1. Mind listing whichever residues of region B:93-109 are away from every other protein chain (no Cβ under 13 Å), within 29 Å of B:Glu132 (Cβ to Cβ) and open to solvent by less than 30 Å² (accessible area, probe 1.4 Å)?
2. I need a count of the residues in region B:112-130 that are among the hydrophobic types (A, V, I, L, M, F, W, C) and surrounded by fewer than 18 Cβ atoms within 10 Å (Cβ to Cβ).
3. Of everything in region B:157-193 that's farther than 18 Å from B:Ile247 by Cα and among the acidic types (Asp, Glu), which residue is farthest from the other protein chains (Cβ to nearest Cβ)?
4. Could you check region A:17-47 and list, in sequence order, the residues that are in contact (Cβ under 8 Å) with a residue 60 or more places away in the chain and open to solvent by 10 Å² or more (accessible area, probe 1.4 Å)?
Amino acid sequence: MHGMINRAIQCFMRDTYGADTWEKVAEKADLGFDNFEAMLSYPDQITLDVLGRAARQLHKPVETFLEDLGTYLVSHPNVEAIRRLLRFGGENFTEFLFSLNELEGRAQLALPDLEVPTLKVEHIEDGRFRLSCSSAMPGFGYAMVGVMRAMADDYGALVFLEHQGWMDSGEEIITINLLEAAYTEGRSFELSERIGGEL
Amino acid sequence: MTVVRPVTFDAAPFLAFMPMSLVFADSGVILSIGPTLAKLRPAEEMIGKHVTEVFTVRDDGRGQGNGPIPLDTKLYLKFREGVTTRLKGMAASIPGTGVNILNLSFGISIVDAVADYRLTAGDFAHTDLAIEMLYLVEAKSAVMEETKQLNARLQGAKVAAEEQAFTDTLTGLKNRRAMDHVLERMLRTNVPFALMHLDLDYFKSVNDTLGHAAGDTVLQAVAKILMEETRSDDLVARVGGDEFILIYNRFTDHTRLVQTAQRIISRLEVPVPYQDTFCKISGSIGITTTDYYKVPTADGMIHDADLALYSSKYEGRAQATLFDPAVHHDNAVAYDASQDKR
């Protein structure tokens, strides 16, 4: 996995549970180092080991851990850049959902080696959408649930999300019920970071 | 009463303005295409065909109108045949003419499209940001490549520096720091292992009579033997002038450990040639294994291997002794190691 992904997992643990927790996980996963470098690549097994150790350390299922990670990526001030890039997707939550179809291509323009899952969003019926997610990293769909939940808050939308499990092909399916597009005001967003000095 | 007027719409200025656009009749039939679009597919493959024959069109269910494709909304298109090339677009009707215009753009497929269709700067509208986008992608890739190389160099330097910090420069064996590190990790992960403490015999007299250069030659020969008597996941560390600690990963068979130690000693006793003479040394060994302890600790094991080593010395050197809790903890420190340095 790309260092960015590993680094995200590390920063999530450090910012949410403290440096001690991260150090324990790094030690138990037998990394042999304390910090992932964002611009290096690591064998996939390392990422899986870290996820497994982290979930055990925090006494929660890996799925929950990944969902919390997804929420963190959008909502924590330390990783504000990710939230901003996702907000480039569209002016409302529906636009954002459809922009996920292009996320892989967009990310690869920036970082060709980054393993972004292939996401496909379809409109099923009024206010109901279906996201399929295929990724080299099993469980990425759970992280997407966290990302979408936090993005819904960001846009001020009220949504109900449900991870439907795995297809035989390894794809994860998530259904999205958009109950109200403008439930709250949401957070403001400007394309230019210079104007959008909300923080 | 409705009057059906003939189509008198002149598309030329629109197509010059938007070289990636096409004009289609209300029926969906393509009437004319812009010059850049003509580079993607020959005009005869498009003109006269229905828009949806040429492209798959998706609008995520948000479009308006009952025409062949939704109007006034963001569209995602792909060619049905050949290179699919994902396109973004928007269609609008031109009032009173019975024709519609569909303007297209590459979106994220721009980088591939420029290569696939050999496009040039002249193929994009002057107001299009495509060239700036391509410029940015190229510049970013160049910088990224440099960063990658820098990362690789720094990573290599870091590994080398760490390696040096853990290596005994004379023999190339690991040093005490490295051993502490490995020992701690093995204890943490509950791996069974054996710890051997080797102290060279008669080394000091080689140093005293033949000089330090001879001593260094001997140490290098010893290092070579110890490396040959261990496997890749074992560890050999030089922890003092003529003291070595060997850690055997997942190897705790007492009989075989003693045999290994005896073989090491007999190999150490093979004289080492130095200039026109030979250096003769031997070694004493103390051994302990994790299975002696409920909770093995680094200090405890090193201490017990030492006690066993002292027994070897006491028994007349050139021996290997296995730690025995009954014997060694009763007669603790029966032997004064300082007297051996002769």
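The values are calculated or read from the model by the stated rules, or taken from the named source; none is laboratory data. No experiment lies behind these values; they were computed from the predicted model shown. Virtual Cβ from ideal backbone geometry, glycine too; neighbours counted across all protein chains shown. These area figures cover heavy atoms from the full protein model, side chains too; ligands, DNA and RNA do not enter into them. Shrake-Rupley method; radii C 1.70, N 1.55, O 1.52, S 1.80 Å.
1. Once the filter is applied, which keeps residues that are away from every other protein chain (no Cβ under 13 Å), within 29 Å of B:Glu132 (Cβ to Cβ) and open to solvent by less than 30 Å² (accessible area, probe 1.4 Å), region B:93-109 yields B:Ile101, B:Leu102, B:Leu104.
2. Of region B:112-130, the ones among the hydrophobic types (A, V, I, L, M, F, W, C) are B:113-115, B:119, B:121, B:124-125, B:129-130.
Those still in the list that are surrounded by fewer than 18 Cβ atoms within 10 Å (Cβ to Cβ) too: B:115, B:121, B:125, B:129.
Matching residues across region B:112-130 total 4.
3. As a first pass, look at region B:157-193 and keep what is farther than 18 Å from B:Ile247 by Cα: B:157-165, B:169-170.
Then keep just the ones that are among the acidic types (Asp, Glu); that gives B:162-163.
On the way: B:Glu162: 9, B:Glu163: 12 Å.
In this case the residue turns out to be B:Glu163.
4. First, pick out the residues of region A:17-47 that are in contact (Cβ under 8 Å) with a residue 60 or more places away in the chain: A:41, A:44, A:47.
Answer for region A:17-47, where residues must be in contact (Cβ under 8 Å) with a residue 60 or more places away in the chain and open to solvent by 10 Å² or more (accessible area, probe 1.4 Å): A:Ser41, A:Asp44.
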